[in-house]
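Each value in this text was obtained by applying a stated rule to the coordinates, not by laboratory testing. Computed from a predicted structure; not experimentally measured. Here the Cβ positions follow ideal geometry from the backbone for every residue, glycine too, while neighbour counts run over all protein chains shown.
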Amino acid sequence: MISEQPDPELQAESEAIAKNSGFKHFAEYDDVAANILMVVAGIDPLTKRYTAPQTAVKKWSRRSPPTRPSLRRIRRNCYGT
């Protein structure tokens, strides 16, 4: 069963690690980690370049929509008819 309250021991350990790393508290550490993850997620693995999220969405929306398989093709693949 999942508890509503976080484990106090784990919470204290997280706070201690954050403070030893130069953060005021764990929430500050969590904010920095989230920002780093957003930047890393914006790096294109093929080109190794950063793409801002707005640019990526625009690029994605310009592409033509994927073709939907016809009902006839689905029936043929599923039922062999």
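See the values below:
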{"read-out": "Sequence-separation-based contact order of region 8-61, relative, with Cα cut under 8 Å and 6+ spacing, percent", "value": "15 percent"}
{"read-out": "Label-point gap, in nm, between Lys19 and Glu4 - each point 7 angstrom along Cα→Cβ", "value": "2.8 nm"}
{"read-out": "Simple label model, 7 Å out from Cα along Cβ direction - Asp30 to Leu46, nm", "value": "3.7 nm"}
{"read-out": "Cross-link reach list, aspartates and glutamates versus Lys24, counting only Cα pairs under 12 Å and skipping chain neighbours closer than eight places", "value": "Glu15"}
{"read-out": "Dipole magnitude (debye, nearest 20) for region 8-61, charges at Cβ of Lys, Arg, Asp, Glu", "value": "540 debye"}
